[in-house]
Amino acid sequence: MDISIVIPLFNEEESLPELADWINRVMEKHNWTFEAIFVDDGSLDRSWEVIQNLRKKYNWVRGISFRRNYGKSAALNEGFKATQGDVVITMDADLQDSPEEIPELYRLIKEERYDLISGYKKKRYDPLSKTIPTRLFNWTTRRMSGINNLHDFNCGLKSYRGDVVKNIEVYGEMHRYIPVLAKWAGYKKIGELVVHHQPRKYGVTKFGFERFINGFLDLLTITFVSRFGKRPMHFFGTVGSLSFFVGMIFTLILFIEKFNNIHNPHARDIVNKPMFYLALVAIIIGVQLFMAGFLGELVSRSAPERNVYQVKERV
């Protein structure tokens, strides 16, 4: 199969028929075999009923329905598991992503040999309360991930080589960091395509301000897990050893001062000096961090996926 389109959705009953008709018009212009997987993330409206009706109308429609709302990451992860296409394209169901972008997204993967193409909504129709935090979020992600050629990590319109989505796991709020997940999985050829962003036609956005806080915390998580998930002692042990070493330096300084003032009756006692408590805290924190790294190593060594690695090919 040439293309799999994964469409996560929540309460989008009004837009689904129009989106399906639009996809059908675009795909009829090309001789591609394709499927569209609509993942209903526990909608409270008639979205699943609409998907079932679309399935009767178009044989390329497939559907997955969650019993409750799990979030966009869960919907994408289940959709990725079900894909069969050589190229996988994701888009939102609210008609703000245009199916007219599909041919170019497909070409960049098949002809230019990109692993992942992320859409860039250069001109957005969102309020400032959404665009300003988004720019800050994207700037932070570029700095922490090293993927400097992407302007919009969270754009729902993306295309992937089929094996990319089979080798990454999207959970929590990690859908914002799929390019980062792909990079850490070994897929380095990541590009960007300027895409058209349309005003929302039906309903209201399903995301609130808390997504930026959760997104930042998830960025810290993915950065740590990607770099130190299989070797936690390299992080905790290093920081713990440094903290312990600083504490011992402070302690040595206190002992030298005590020795020099041993005959001075007016010298301050060691326990009355702030450095004593700094030394004590640094040593305790150092020991705790070192033990955290040691326990992390025991857990990681016992994990069933401890020796699971991304293999590009075998001959």
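Can you tell me which residue in region 149-177 is nearest to Lys121 (Cα to Cα), limited to those that are of a type in the set (Gly, Ala, Ser) and under 14 Å from the mean Cα position of the chain (by Cα)? Ranking the candidates gives Gly156 first. In this entry, Glu169 is excluded by the filter for residues that are touching a His at 6+ places or on another chain (Cβ under 9 Å), modelled with pLDDT of 80 or more and either closer than 20 Å to Thr141 by Cβ or assigned to a loop (DSSP other than H, G, I, E, B) (or both). Kindly indicate which of Phe212, Phe137 is in a helix (DSSP H, G or I), at pLDDT below 70 and surrounded by 15 or more Cβ atoms within 10 Å (Cβ to Cβ). Answer to the selection: Phe212. Taking the residues in region 264-280 that are open to solvent by less than 80 Å² (accessible area, probe 1.4 Å) and aliphatic (A, V, I, L, M) as candidates, determine which candidate is modelled with the highest pLDDT. Among those that are open to solvent by less than 80 Å² (accessible area, probe 1.4 Å) and aliphatic (A, V, I, L, M), it is Ala279.
Between Leu116, Leu76, the distinction of being farther than 14 Å from Ile7 by Cβ and buried (at least 18 other Cβ atoms within 10 Å of the Cβ) belongs to Leu116 only. When region 86-108 is limited to residues that are farther than 19 Å from Gly191 by Cβ and in contact with a helix residue (DSSP H, G or I) (Cβ under 7 Å, 6 or more places away or on another chain), the one that is surrounded by the most Cβ atoms within 10 Å (Cβ to Cβ) turns out to be Ala93. The numbered conditions (1) in contact with a strand residue (DSSP E or B) (Cβ under 6 Å, 6 or more places away or on another chain); (2) modelled with pLDDT of 90 or more; (3) part of a loop (DSSP other than H, G, I, E, B) are all true for Arg113 except (1).
Looking across region 186-206, the residues that are under 16 Å from the mean Cα position of the chain (by Cα) and either modelled with pLDDT under 85 or within 20 Å of Gly119 (Cβ to Cβ) (or both) come down to Tyr187, Lys188, Ile190. When the residues of region 143-179 are filtered to those that are among the aromatic types (Phe, Trp, Tyr) and in contact (Cβ under 8 Å) with a residue 60 or more places away in the chain, the one that is most open to solvent (accessible area, probe 1.4 Å) is Tyr171. Looking only at region 186-204, residues that are farther than 17 Å from Lys122 by Cβ, open to solvent by 20 Å² or more (accessible area, probe 1.4 Å) and either touching a residue at least 12 places away in the same chain (Cβ under 8 Å) or touching a strand residue (DSSP E or B) at 6+ places or on another chain (Cβ under 8 Å) (or both) come to 8 in all. Across region 221-251, the qualifying residues are those that are at pLDDT 70 or above and of a type in the set (A, V, I, L, M), and the one among them that is most open to solvent (accessible area, probe 1.4 Å) is Leu242.
In the condition set (1) under 22 Å from Tyr177 (Cα atoms); (2) open to solvent by 30 Å² or more (accessible area, probe 1.4 Å), Ile37 is compliant with all but (2).
The values are calculated or read from the model by the stated rules, or taken from the named source; none is laboratory data. Not measured: the values here are computed from a predicted model. Counting neighbours? That spans all protein chains shown, and the Cβs are built from the backbone with ideal geometry, glycine included. When the accessible area is computed, the model is the full protein with side chains, heavy atoms only, and any ligands, DNA or RNA have been set aside. Shrake-Rupley method; radii C 1.70, N 1.55, O 1.52, S 1.80 Å.
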